[in-house]
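Everything on this sheet refers to the single structure shown next.
The values are calculated or read from the model by the stated rules, or taken from the named source; none is laboratory data. Everything quoted here is computed from the prediction, not taken from an experiment. We place every Cβ from the backbone using ideal geometry, glycine too, and count neighbours over all the protein chains shown. Areas reflect the complete protein model, heavy atoms only, side chains present, ligands, DNA and RNA absent. Shrake-Rupley method; radii C 1.70, N 1.55, O 1.52, S 1.80 Å.
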Amino acid sequence: ASEAGVRGVASGATILLLWHNDHPGGWTLGEAGEVKLTARQQKHLDAIRAELSSLDLCLPGTMTVRTGVCGKSACVCRGRPPRLHGPFRSWTRKVAGKTVTRYLSEEQLHDYQRFFDDHRRLKELVHELEELSLSIVESDPRWKR
């Protein structure tokens, strides 16, 4: 590429090769050629897309409910039978590289649980999509050239 760039793209700019799904035969990889999906792969891709579109809000992090004992030797939490303190509901996540923990009420946990569940499912679906994409690309006959 020249100093002026390639076809009007500024020098140092990142050029992305985007996947398109507007080709009648399925997925295409720009002008480089076609990547063919089997009927099974297309069905799996369609199922992933459908489930992704059904997800609601997604809250990243870990939701934990715990109980515990305190440091007082005469507290009921150390009795027989013990009556533990809690439950304490905490949501922990990373923000700008630092761990942030927030305590939730029972009502908040009830309201937010589906968002934690949807985030977990989102991560699973992304992993499935990555595995499917790898299997499709790895089966490209052009690798054998």
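Here are the numbers:
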item	result
Sole residue being closer than 30 Å to Leu37 by Cα and either among the aromatic types (Phe, Trp, Tyr) or without any contact (Cβ under 8 Å) to a residue 24 or more places away in the chain (or both), chosen from Leu122, Leu134, Leu84	Leu134
Candidate set: region 56-70, residues that are in a strand (DSSP E or B) and open to solvent by less than 50 Å² (accessible area, probe 1.4 Å); chosen: the one farthest from Ser105 (Cα to Cα)	Gly68
Every residue from region 66-81 that is closer than 21 Å to Thr101 by Cβ and without any contact (Cβ under 8 Å) to a residue 12 or more places away in the chain	Gly71
Residues of region 71-100 satisfying the condition of being assigned to a loop (DSSP other than H, G, I, E, B) and surrounded by 11 or more Cβ atoms within 10 Å (Cβ to Cβ)	Cys75, Pro82, Arg83, Leu84
Among residues of region 101-123, those that are open to solvent by less than 80 Å² (accessible area, probe 1.4 Å) and within 19 Å of the chain's Cα centre (by Cα), counted	9
Of residues in region 114-141 being in a helix (DSSP H, G or I) and of a type in the set (Asp, Glu), the one farthest from Leu45 (Cα to Cα)	Asp117
